[in-house]
Amino acid sequence: MVSRNAFLIAIALGAYFEPGAVLARPMAPVQAAARQYRYPTRRKVDNRPLPQGVTAATVHAPYGTGDCSLCHKSSDPKNPGPVNKAGNALCYECHQEFEEIMARKYKHPPALEACTTCHNAHDSRQPGLLHGELASQCMECHKNIRAVAETSKVKHGALTSGKRCANCHNPHGANIEKLLTALPFDQCVGCHSVDDLKDWNGVRLTNFKKLLAENGKLHAPVAAKDCSACHKTHGSDSFRLLVADYPSRFYAPYDLKIYALCYGCHNDKVVSERETTTLTNFRDGSKNLHYVHVNKLELGRTCRACHEVHASKQPHHIREGVPYGQGGWVLKINFTKTPTGGTCAKTCHDRKTYVNKALSTVGKSR
Amino acid sequence: MTARRRSTPLALSLLLAGAVWPPSTPAFSNVAVGDVLANPELPMLEGGRQALLSRQAQANVFVFFRPRQEHSLEALKAIAACEREFSGKPVHWVAVVSSSWSPEEVRTVVGEAGIQMPVLVDEGDALYGTLGVRLHPVVGVANERFELVAYEPFRKINYCDRIRGKIRYALREISLADVERIDAPERALFPNEMKGAVANRHVRMGEALLRMKDYDRAAAEARHVLESEPLHGPAHVLLGDALAAQGKCAEARKEYQSARELDPKLGSAAKEKLGACGAR
């Protein structure tokens, strides 16, 4: 190991000639890809080696072996001088995998601009030669995410466990927006596929691998692997990290606002129009049965009374039964799809059948 | 809000036009991907009437949206960028909105999103009902034969990429396999998860040491890689180079031979190096 004090002096001199090697100077001209980026692409960081006596968690191999001239003009640890190549090109000489990483469609502008924005080229108290703890480092620029994570009523364990931000994001480059390493569903199921996962309040969470294996009819966002259509990932004020309000009970007075989550995609007119032949197939002739069930001043049935939200065995995401009352008794729905509509039997009501098409038109529409 | 009844029922041909998409692909409730769409003429927001689809276009893109909805605005903004990107190409764009919304509300969202395409008014939600739209926003893409080639409900992630991919597919710029790759992008591995990344790094370090004439350490880097990856061609070359530089030609030859067996291209460069070793 080279003498750290000597190295510090040498680095200070080197900085005079080659600013890219040490403390970040004022913003360099940003690359085209970074022009519309709303976060800083450079931060003020200290790229000098750790002071003598401080134990490093990671050491860059050339620094650790005292091979200064692998990166610097001189092999003299007391005076290594400027670096051999400006910018990331020097790093990529050995870290060739970055040719592939930085060719990915979505790139992190600070990574494009300078590896040293996040990594110390000598040694670090953090894994991966990071200047600071990973999530703190991310949130130093991504202040909006920090605010959501800290102030939301409902927290997401993914932000505080494992690799934290890097559980889902690749801070160099990715093939998916937001630098996600995989599509949202693949990310989520990566953790939500066990029986004993609990939320931050200790409530047991669904094993989605199991649920989806047992229920083949997937809700469109699930089929599209787009969990983020309904769930926030950094924190939310709604239960289960939902992006908007969704009634948690069987009954609720009808109010457009409490269904904000569903109406983010579905047409609210499905429930507000008393008569229709176009808006829904859950109708008896033109009598809109969604309106009949849901649109009530007091005991309107909420979406969850009849529909599953992730996956079901029955068409139209109809659930087999719904927990009713405080004892958790499951009220069966007994839905059967028929060629001309459907039937629900021995449920909240006795058998009732609806017809939305004439037998003569059956087969002409799906 | 009042839903006006449509005056004439829209005819929709449900002839299956061949499998242009995997059968499990989600689609409108009443129309699947591969079905041939009817081409109703609808009133335009700014007056006059226009057909939903055009025979002159190779890609017909229709976007169902509604005012006062965050996802619709977000989607229209993304689609406005797509619209600009495909300008000059045979793409026919229309946006479709229910007649139950006031023209002012529709103009507001259209202006904010910046779409240039004509806005067609779906009187009494007739087209919505015929297709079985159910969701807002949703994009349909049809080809010049009016076959539905894609159905895209809103997505928070990679929405633009998906729409762009479907249009390019309709324009025959990319294949179905390309579309599938766009829809299911490759996982973005971290550097140390990438096959060969760490080994390559050791080889690069060894090459640098070789340039610094530190042959023992260069050889050590190569041997370190070969311990875990005995079939790593460049590591054999590096070891050969380090040994040749030390005048150990017979051992170097063995390493070059191993490299040649793994990759003939690596071997041809080694031949020259061996010649130099022998001459030393």
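For the reader, a short list of remarks on this structure follows.
- Residue list for region B:181-208, filter: over 26 Å from A:Ala166 (Cα atoms) and either surrounded by fewer than 15 Cβ atoms within 10 Å (Cβ to Cβ) or aliphatic (A, V, I, L, M) (or both): B:Val203, B:Met205, B:Ala208
- Selection within region A:33-82: residues that are among the acidic types (Asp, Glu) and more than 35 Å from the chain's Cα centre (by Cα). The member of this set that is surrounded by the most Cβ atoms within 10 Å (Cβ to Cβ) is A:Asp67.
- Selection from region A:131-184 of residues that are in a helix (DSSP H, G or I), in contact with a Gly (Cβ under 8 Å, 6 or more places away or on another chain) and farther than 24 Å from A:Phe239 by Cβ: A:Leu134, A:Glu140, A:Leu179
- Some residue of region B:84-92 being over 26 Å from the mean Cα position of the chain (by Cα), part of a helix (DSSP H, G or I), basic (Lys, Arg) and more than 14 Å from every other protein chain (Cβ to nearest Cβ): no
- Odd one out for A:Lys225, checked against (1) of a type outside the set (Ser, Thr, Tyr); (2) buried (at least 21 other Cβ atoms within 10 Å of the Cβ); (3) under 15 Å from A:Leu241 (Cα atoms): (3)
- Cβ pairs under 8 Å, 6+ apart, first in region A:261-276 and more than 8 Å from chain B (Cβ to nearest Cβ), second acidic (Asp, Glu) and surrounded by fewer than 19 Cβ atoms within 10 Å (Cβ to Cβ): A:Leu261/A:Asp245
- From the options A:Val270, A:Val309, residue that is crowded, with 17+ Cβ neighbours inside 10 Å, in a helix (DSSP H, G or I), on the phi < 0 side of the Ramachandran plot and touching a helix residue (DSSP H, G or I) at 6+ places or on another chain (Cβ under 8 Å): A:Val270
- Residue among B:Ser72, B:Ser99 that alone is more than 23 Å from B:Ala150 (Cα to Cα) and touching a residue at least 40 places away in the same chain (Cβ under 8 Å): B:Ser99
- Those residues of region B:96-135 which are assigned to a strand (DSSP E or B) and within 14 Å of chain A (Cβ to nearest Cβ), in sequence order: B:Val96, B:Val97, B:Ser98, B:Asp122, B:Leu135
- Flag for A:Thr233 being within 14 Å of another protein chain (Cβ to nearest Cβ), outside any helix (DSSP H, G or I) and more than 21 Å from the chain's Cα centre (by Cα): no
- Filter result for B:Ala199 (without any contact (Cβ under 8 Å) to a residue 60 or more places away in the chain, within 13 Å of another protein chain (Cβ to nearest Cβ) and assigned to a helix (DSSP H, G or I)): yes
- B:Val198 meets each of the listed conditions (1) on the phi > 0 side of the Ramachandran plot; (2) under 36 Å from the mean Cα position of the chain (by Cα) apart from (1).
- Residue in region B:124-139 that is farther than 22 Å from A:Asn267 by Cα and either over 19 Å from the mean Cα position of the chain (by Cα) or in the same structural domain as B:Lys166 (by TED's automatic domain parsing) (or both) present: no
- Options B:Arg155, B:Arg172, B:Arg168: the member that is in a loop (DSSP other than H, G, I, E, B) and more than 10 Å from every other protein chain (Cβ to nearest Cβ): B:Arg172
- Selected residue (only one of B:Arg211, B:Arg204, B:Arg187 is touching a Ser or Thr at 6+ places or on another chain (Cβ under 8 Å) and under 30 Å from A:Cys115 (Cβ atoms)): B:Arg187
- Within region B:58-74, the set of residues being farther than 19 Å from B:Leu127 by Cα, assigned to a loop (DSSP other than H, G, I, E, B) and over 22 Å from the mean Cα position of the chain (by Cα) comprises B:Arg68, B:Gln69.
The values are calculated or read from the model by the stated rules, or taken from the named source; none is laboratory data. Since we're looking at a predicted model, the values are computed, not measured. With ideal geometry, Cβ positions are generated from the backbone for all residues, glycine too; neighbour counts draw on all protein chains shown.
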